[in-house]
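Trainee: There's a structure below that I have some questions on.
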Amino acid sequence: MTIDSPAVGVVVPMYNAERTIGATLKSICCQTYPALDIVVVDDGSTDMSAAIVAEHAGRDVRIRMVHQKNGGVAGARNFGAASTAAEFLAFIDADDLWAPSKVAQQVRALVDGGPTAGLAYCWFAQIDAEDRVYSLNNRPLAEGRVLQLMCRNNFIGNGSSMMLRRAAFLAAGGFDPSLRARGAQGCEDMLICLRVAEQFEFRVVPQYLVGYRMTNTNMSSDVRQMLRSCEIVLDEFRDKYPEFSVELDAHLVDMLEWLVVRALVGGRVLAASELMRRLAVLEPRMAVSRLPGMLDTYCRARLVPQWVKASWRRIRNAEPRPPYHEMAW
């Protein structure tokens, strides 16, 4: 290991991910940055996930697998982080994809930022079950001290988009497993980002280096639980920073909008209508003005019937995008 290539611990929490873990590991192993310690944390899987990981580990010595009883994503990530001594920590869910230069660019951003830079993030493309991109709306550019901006909007968006300096990870207390214990799993990523932002600067790599998959089985599909999780996290920071109450209230409205779309994509019409009613009570004009954009995201997702997507594309005069790995990032 050289000074210019510090080790990066890649932590992959995995629970019954046999359909996607192979593609995820392939995208990790294809990184242009070679100094990787890849730790797959098997969170009590009962399918063939572990066998698939073992097969990949036989071809790439950087991959190893550790096991724990099912304890949730926060505990799995913390276990994986404790299983590597790497200076930088990158997390990726077992159904997401990375572009080849993701790790290299984020390491450079953190190294150039110096010890005050605790987190580097990138943009993400939303992908469906077949890896096809259906949304490229995420283009944040926030850097430096971003706590107030994070209170307004979780612009990082997901755990697969960020890399943390170990010192920042430890200062934030790692991922918080208490959300799962309170029946509110889902916003662990947002919570650690907020806690890191209290003490460290952020850096951005403005490229779509993550394919963030939306399916009917990943954690964000439980929209009611996600809302509880979000409210708990925002309440913590409302108590800490009452001067940011306006930003935190607006953040909740944005989360409701996203969860309405998430519920529709997953076919949870009743949950979507409940969330939409709450959104309409909080911001009636916004609920109406944002409806076309919500429908556009819904109809681009490949989880909806083909006739719906085709009809919407004709209305919007839009062409479907190719699979994530075929796009030049």
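The values are calculated or read from the model by the stated rules, or taken from the named source; none is laboratory data. What you are looking at is a predicted structure, and each value in this text was computed from that prediction instead of being measured. Note that each Cβ is placed from the backbone with ideal geometry, even for glycine, and that neighbours are counted across all protein chains shown.
Trainee: Could you pull out the residue among CYS299, CYS230 that is at pLDDT below 85, of a type outside the set (A, V, I, L, M) and part of a helix (DSSP H, G or I)?
Mentor: Matching residue, one of CYS299, CYS230: CYS299.
Every residue, every condition in (1) touching a residue at least 24 places away in the same chain (Cβ under 8 Å); (2) under 23 Å from ALA76 (Cβ atoms); (3) in contact with a Gly (Cβ under 6 Å, 6 or more places away or on another chain), yes or no:
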position: PRO177; (1), (2), (3): yes, yes, yes
position: ALA184; (1), (2), (3): yes, yes, no
position: LEU191; (1), (2), (3): yes, yes, no
position: LEU194; (1), (2), (3): yes, yes, no
position: ASP239; (1), (2), (3): no, no, no
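Trainee: Please state which one of GLY183, GLY159 is at pLDDT 95 or above and more than 22 Å from PHE244 (Cα to Cα).
Mentor: Of the residues listed, the single one that is at pLDDT 95 or above and more than 22 Å from PHE244 (Cα to Cα) is GLY159.
Trainee: Condition test on ALA17, is it hydrophobic (A, V, I, L, M, F, W, C) and more than 16 Å from LEU97 (Cα to Cα)?
Mentor: no
Trainee: Could you check ALA35 against (1) in contact with a strand residue (DSSP E or B) (Cβ under 8 Å, 6 or more places away or on another chain); (2) surrounded by 21 or more Cβ atoms within 10 Å (Cβ to Cβ) and say which number it fails?
Mentor: All conditions pass for ALA35, except number (2).
Trainee: Additional query: Pull up segment 65-83, narrow it to residues that are of a type outside the set (Ser, Thr, Tyr) and not in a helix (DSSP H, G or I), then point me to the one that is surrounded by the fewest Cβ atoms within 10 Å (Cβ to Cβ).
Mentor: LYS69
Trainee: If you don't mind, another one. Check every one of the strands (runs of 3 or more DSSP E) wholly within segment 84-174 and list those with 3 or more residues that are closer than 27 Å to LEU252 by Cα, in contact (Cβ under 8 Å) with a residue 12 or more places away in the chain and touching a Lys or Arg at 6+ places or on another chain (Cβ under 7 Å).
Mentor: Strands (runs of 3 or more DSSP E) meeting the threshold: 117-127, 133-135.
Trainee: Considering segment 46-64 alone, what residues qualify as being polar (S, T, N, Q) and either at pLDDT below 95 or surrounded by fewer than 20 Cβ atoms within 10 Å (Cβ to Cβ) (or both)?
Mentor: Of everything in segment 46-64, just one residue is polar (S, T, N, Q) and either at pLDDT below 95 or surrounded by fewer than 20 Cβ atoms within 10 Å (Cβ to Cβ) (or both), namely THR46.
Trainee: Which pairs turn up if I take residues in segment 44-71 that are in contact (Cβ under 8 Å) with a residue 24 or more places away in the chain and under 23 Å from VAL8 (Cβ atoms) and look for partners that are assigned to a helix (DSSP H, G or I) and small (Gly, Ala, Ser) with beta carbon separation below 6 Å, at least 6 apart in sequence or on another chain?
Mentor: Between residues of segment 44-71 that are in contact (Cβ under 8 Å) with a residue 24 or more places away in the chain and under 23 Å from VAL8 (Cβ atoms) and residues that are assigned to a helix (DSSP H, G or I) and small (Gly, Ala, Ser), the close pairs are ILE52/GLY22; ILE63/ALA57.
Trainee: Can you name the condition, by its number, that VAL40 falls short on among (1) at pLDDT below 95; (2) in a strand (DSSP E or B)?
Mentor: Checking VAL40 against (1) at pLDDT below 95; (2) in a strand (DSSP E or B), the one that fails is (1).
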